[in-house]
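Note sheet for the following structure.
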Amino acid sequence: TLGVDEPYRMFTSRAERRLSLRQDNVFYRLADASYQLGLIEKTFYDEIKSEHELVNQVIRDLRSGKNNENILKLLGRDDTNLTFIHEFTQNTLSDRTALAIWAEIRYEPYLKRDMQEIQKAEYMQELEIPETLDFTFIPGLSKELQEKLIKHKPKTIAHASLIPGMTPAAIAVLIFKIKEHKKVL
């Protein structure tokens, strides 16, 4: 959304919140917009919505077990053995649906942590960047980002996040360094 100054260097690693941009949930994420834009038929849209509700229902059912024993059984496996999910529910599930259930459960702690980072970053948007902060000696920032920060001289975290190529991880490093810098002063 911010544009790029080097289009040949577009990487999936640059996608913000890429953990939630998985192929197993693409239909659920894009169904509403696709339908509103007339890209998919109502019958397909309804199928996607009912499948998504089924995924959510099976996850709720899995969690309803004593002390999350069903979740622990599922996560205790070394692979994505979908047989447990198929056997657990009374519903007939496609392998895609079972995989979506497994992925939602498997990635849940990471998605929660990601949401906490989003909330933290939103809270820190107005954090001012001291003029005395030297970007060239911030470990964790690439040389490219250091140069961009020096060039643009952002006044706040919100301004820094608008710099093309600035990643959520780089913003987190910058916030940490600002707090550390303020303690020294």
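A few remarks follow.
- Across segment 53-60, coupling constants 3J(HN,Hα) worked out from phi with the 6.51/-1.76/1.60 Karplus curve, θ = phi - 60°, read 5, 4, 4, 5, 5, 5, 5, 4 Hz, and Gly and Pro carry x.
- Note on surface exposure: H159, H52 rank H159, H52 by accessible area, highest first, 1.4 Å probe.
- Shown are R113, R17, whose ranking by accessible area with a 1.4 Å probe and every protein chain present, most to least, is R113, R17.
- Full extension of the segment from Q125 to Q23, taken as 0.36 nm per residue of separation minus the current Cα-Cα distance, would add 33.7 nm.
- Helical runs assigned H by DSSP (4 residues or longer) give the chain a calculated mean residue ellipticity at 222 nm of -18500 deg cm²/dmol, each run adding -39500 (n - 2.57) before division by the residue total.
- Across the options A172, Q116, S50, the greatest Cα extent toward the positive end of the charge dipole of the chain (unit charges at beta carbon of Lys, Arg, Asp, Glu) belongs to A172.
- Size of electric dipole in segment 16-66: Cβ of Lys, Arg +1 and of Asp, Glu -1, about Cα centre, debye, nearest 20: 360
- Taking all protein chains as they are arranged and a probe of 1.4 Å, the heavy atoms of I48 leave approximately 10 Å² accessible to solvent.
- Restraint check, K120/K143; K155/K182; K148/K177, Cα-Cα greater than 19 Å: K120/K143
- Placing +1 on the Cβ of every Lys and Arg and -1 on the Cβ of every Asp and Glu, with no other charges, gives the chain a dipole of roughly 640 debye about its Cα centre.
- Residue order for T136, T43, T97 - accessible surface, 1.4 angstrom probe, largest first: T43, T136, T97
- Taking amide H as placed 1.01 Å from N in the peptide plane, T156 has its amide H under 5 Å from the amide H of I129, each at least 5 places away in sequence or on another chain.
- 1.4 Å probe accessible area per residue over the chain, in Å²: 67
- Under the Karplus curve 6.51 cos²θ - 1.76 cosθ + 1.60, θ = phi - 60°, whole-Hz ³J(HN,Hα) for segment 34-45, x wherever Gly or Pro sits: 4, 5, 4, 7, x, 7, 10, 6, 4, 5, 5, 4
- 3J(HN,Hα) from dihedral phi, segment 147-162, Karplus parametrisation 6.51/-1.76/1.60, rounded to Hz, x for glycine, proline: 5, 5, 5, 5, 5, 7, 6, x, 8, 9, 4, 4, 5, 5, 5, 7
The values are calculated or read from the model by the stated rules, or taken from the named source; none is laboratory data. Everything quoted here is computed from the prediction, not taken from an experiment. Counting neighbours? That spans all protein chains shown, and the Cβs are built from the backbone with ideal geometry, glycine included. These area figures cover heavy atoms from the full protein model, side chains too; ligands, DNA and RNA do not enter into them. Shrake-Rupley method; radii C 1.70, N 1.55, O 1.52, S 1.80 Å.
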